[in-house]
1. Roughly how tilted is helix 39-53, in degrees to the nearest 10 and between 0 and 90, from the longest Cα axis of the chain?
2. Report the one residue of THR396, PHE384, LEU129 whose Cα lies farthest in the direction of the positive end of the charge dipole of the chain (charges on C-beta: Lys and Arg +1, Asp and Glu -1; origin at the Cα centre).
3. What angle, in degrees between 0 and 90 and rounded to the nearest 10, separates the Cα long axis of helix 18-34 from the longest principal axis of the Cα atoms of the chain?
4. At ALA324 and ASN99, where each label point lies 7 Å from the Cα along Cα→Cβ, what is the point-to-point distance in nanometres?
5. Using the Cα centre of the stretch 106-228 as the reference point, and only Cβ charges (+1 on K/R, -1 on D/E), how large is the resulting charge dipole? Debye, rounded to the nearest 20.
6. No other cysteine beta carbon under 4.7 Å away is the test; run it over the chain and list who passes.
7. Cα gyration tensor of the stretch 106-228, axes a ≥ b ≥ c as square roots of the eigenvalues: rounded (a/c below 1.5), prolate (a/b > b/c) or oblate?
8. So what's the back-of-envelope 222 nm ellipticity for the chain, counting only DSSP H runs of four-plus at -39500 (n - 2.57) apiece and dividing by all residues, rounded to 500?
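Coordinate-derived values only; no laboratory data. Only a predicted model underlies this, so the values are computations on that prediction, with no experimental measurement involved. Neighbour counts run over all protein chains shown; Cβ positions are idealised from the backbone, glycine included.
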Amino acid sequence: MNKTTNRASFGAHEYASPTGLYIALTAAAAAFYLRPTNIIIWLSISACLVWYNRDFARAVTLIQAATLVGITIVITFASVDRIYYSGWTFPPLRFLQFNVVQSLAVFYGKNRPDYYVTEGLPLLLTTALPFALVGVYLSLCRRSSHSSQSIIQERTVSVFAATIISSVLALSLIAHKEVRFIYPLLPMLHVLAARPLASSFSTNKIGRLMILAAGIAINIYIAYYVSFVHQRGVVDVVHYLRHRQESWLDASPMEHATGPESANITVGFLMPCHSTPWRSHFVYPEITAWALTCEPPIHMPTEERASYLDEADIFYNEPLRWLANNMQDRDTISLTITSDVTGDPSLDDRTRRPWPHYLVAFESLQPTLASVLNGTRYKECRRFFNTHWHDDSRRTGDVIVWCMRR
């Protein structure tokens, strides 16, 4: 291999440029500090570059530069955190301790080892998936070339392919998986999908138009469905409840005294945790709301975690028992008793939650709540379509709102 080819094999003048090197390493260090799992991507890229170059001096230079930039970024970011939090803190360490050492992320869900291959990548790429797969395959196939520019292009895409494969394999070893964990791979996947996609347009004009129209139509449909149809009820319901508070704020003092809601509204969400974005949508501090929680057992010994159940788990295991133990006496909302929900509870009920003005739950819970709320001041007042399907049986059906009557 001549001098020109050897230079191209490592990425040409971009890597030899100190400015370009330090800009890239700064971006890598910042990405790692913000989310430590990004180190998988950058380690893969660095390993491929060192392998292609096979130059010990340049490898040492890369390690030295990475160490210098890494220390600088850590000191800078830690200082900013120190100013903001008024105390020293190191988020990457907390991240690794929570997710790796304590392995608490599994309490937010476990997935099969093949999740990213069978679900993650298809959801991320949609119609670009077959082209990306072909692009990864072609990028790993060696091709002989005598052009420096061709060598640069071929080895760049091969680095992308190796990085994608190694990142997906590494993340597949972690029990808790989400599509957003592989978002950083999307630009590389699109680059690899570009050439096979362009090649598919080598047919006649009508064929090209049909392929283009089909791809655009499918993506428009998917974008519309997931943005305006799928799971829209969990957003519509918080808009509705916020508007109920706004109606109260706009009412006159006389209407406040005689209306069905003599105080700012209260809301209870009997749903799996994180089902609705109520904390971000209830912009009025006057609204009092609560939801079933799912805090991980941070301080629980490891041997006891297998049997740990959060509040949402306990509720769904025995909804009737949870309501009896955690809500005030059912007599306080009976149709035969006229005391207001905001009245002073009995001594036995002081440690329990008062019944809110609005109860929100998925349709799957309707039979249970109907049996509890029958004969009370609650009635079903609104129903919002949520989704045609869901992989969690607890979240199936419409979103139903039960309102407390006068």
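1. Here the helix axis deviates by roughly 10 degrees.
2. Working it through, the farthest residue towards the positive pole turns out to be LEU129.
3. 30 degrees
4. Simple spin-label model gives 4.2 nm for this pair.
5. Numbers: 10 positive and 4 negative charges, 43 e Å.
Result for the stretch 106-228 is approximately 200 debye, rounded to the nearest 20.
6. By the Cβ distance rule, which asks for a partner under 4.7 Å, the isolated cysteines are CYS48, CYS141.
7. Values: a/c = 2.91, a/b = 1.16, b/c = 2.50.
Here the stretch 106-228 falls in the oblate category.
8. Values: 17 runs with 210 residues, N = 406.
Computed ellipticity for the chain at 222 nm equals -16000 deg cm²/dmol.
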